[in-house]
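J.: Questions regarding the structure given below will be posed in turn.
The values are calculated or read from the model by the stated rules, or taken from the named source; none is laboratory data. Nothing here was measured: the structure is a model prediction, and the numbers come from that model. Note: ideal-geometry Cβ built from the backbone for every residue, glycine included; neighbour counts use all protein chains shown.
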Amino acid sequence: MKLEREPMNIEGFKRIKKEKGINNYEIHKRSGVLESTLSEFERGKHTDLRISTLIKIADALGVTLDELVGRSEGWNLTQGICIAGAWMIENHNESTMVVDMLASMHITKELMQQKRVAEEDYKILSEAIDYNWGRNGK
């Protein structure tokens with residue numbers, strides 16, 4: 001099963017660059033992200049960037065990840081981690097690594113429900129937890 005996500009809103013990136021008067025070369029210098037990657041991202045040709053790359057760009061711009069990708073309602077930290085974890089399982093078959101990461105961060109199935117993790121992400125992560133650690137809610 002492959003998750004269908006909304007395309008990333010690159011308008012936030014363009015707006016922030018304009019507001020801060022910063023160009024791709026300066027972001028590259030601050031973040032280490034290639035100028036060509038930034039240019040392709042801005043033109044909408046490379047919108048499936050790794051979370052680590054998006055964090056570098058956000059840090060270089062001095063904004064949050066939510067601001068960068070245009071999610072005005074924002075995520076709480078648990079939701080963001082769970083979105084990334086579900087994506088890693090679905091796209092890179094990394095369930096063991098993701099479950100270990102969730103366990104090390106004390107993110108349980110109960111906490112995911114309390115923090116209102118999206119149903120599709122919860123289902124993916126819950127199945128991975130059950131498969132890797134048994135049905136004890138770790």
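J.: Which pairs have Cβ atoms under 8 Å, sit 6 or more apart or on different chains, and link a residue in the stretch 83-98 that is more than 15 Å from LEU49 (Cα to Cα) to one that is hydroxyl-bearing (Ser, Thr, Tyr) and surrounded by 19 or more Cβ atoms within 10 Å (Cβ to Cβ)?
T.: ILE89/SER95
J.: Of all the residues that make up the stretch 1-57, how many are hydrophobic (A, V, I, L, M, F, W, C) and either over 30 Å from SER95 (Cα atoms) or at pLDDT below 80 (or both)?
T.: Taking the stretch 1-57 and keeping what is hydrophobic (A, V, I, L, M, F, W, C), we get 1, 3, 8, 10, 13, 16, 22, 27, 33-34, 38, 41, 49, 51, 54-55, 57.
Okay, now just the ones that are also either over 30 Å from SER95 (Cα atoms) or at pLDDT below 80 (or both), so 1, 3, 8, 10, 13, 16, 22, 27.
Going through the stretch 1-57 one residue at a time, the tally reaches 8.
J.: OK, next. GLU90 - would you say it is exposed (fewer than 13 other Cβ atoms within 10 Å of the Cβ) and either of a type in the set (Asp, Glu) or within 18 Å of the chain's Cα centre (by Cα) (or both)?
T.: Details: exposed (fewer than 13 other Cβ atoms within 10 Å of the Cβ): no; either of a type in the set (Asp, Glu) or within 18 Å of the chain's Cα centre (by Cα) (or both): yes.
For GLU90, the condition - exposed (fewer than 13 other Cβ atoms within 10 Å of the Cβ) and either of a type in the set (Asp, Glu) or within 18 Å of the chain's Cα centre (by Cα) (or both) - is not met.
J.: It is to be established whether one or more residues within the stretch 79-99 are of a type in the set (A, V, I, L, M), under 20 Å from ALA128 (Cα atoms), in contact with a Gly (Cβ under 7 Å, 6 or more places away or on another chain) and in a helix (DSSP H, G or I). Reasoning before the result, please.
T.: Here is the first cut: in the stretch 79-99, the ones of a type in the set (A, V, I, L, M) are 81, 83-84, 86, 88-89, 97-99.
From what is left, the residues that are under 20 Å from ALA128 (Cα atoms) are 81, 83-84, 86, 88-89, 97-99.
Narrowing the set further to residues that are in contact with a Gly (Cβ under 7 Å, 6 or more places away or on another chain) leaves 98.
Among the residues that remain, those that are also in a helix (DSSP H, G or I) are: 98.
Scanning the stretch 79-99, I find at least one residue that is of a type in the set (A, V, I, L, M), under 20 Å from ALA128 (Cα atoms), in contact with a Gly (Cβ under 7 Å, 6 or more places away or on another chain) and in a helix (DSSP H, G or I), so the answer is yes.
J.: For the stretch 60-79, check the following and say yes or no: at least one residue is surrounded by 15 or more Cβ atoms within 10 Å (Cβ to Cβ), closer than 28 Å to LEU34 by Cβ and at pLDDT 90 or above.
T.: Yes - at least one qualifying residue is present in the stretch 60-79.
J.: Also, quick follow-up: Look at the stretch 100-133 and say how many of its residues are aliphatic (A, V, I, L, M) and in a helix (DSSP H, G or I). Give the steps one after another, and end with the answer.
T.: Here is the first cut: in the stretch 100-133, the residues aliphatic (A, V, I, L, M) are 101-103, 105, 107, 111-112, 117-118, 124-125, 128-129.
If we keep only those that are in a helix (DSSP H, G or I) as well, we get 101-103, 111-112, 124-125, 128-129.
Of the residues in that region, 9 qualify.
J.: Could you list, in sequence order, the residues of the stretch 102-138 that are in contact with a Gly (Cβ under 7 Å, 6 or more places away or on another chain) and surrounded by fewer than 19 Cβ atoms within 10 Å (Cβ to Cβ)? Even if it seems obvious, please write down each step before you answer.
T.: Taking the stretch 102-138 as the starting set, the residues that turn out to be in contact with a Gly (Cβ under 7 Å, 6 or more places away or on another chain) are 102, 108-110, 125.
Hits for the stretch 102-138 are THR108, LYS109, GLU110.
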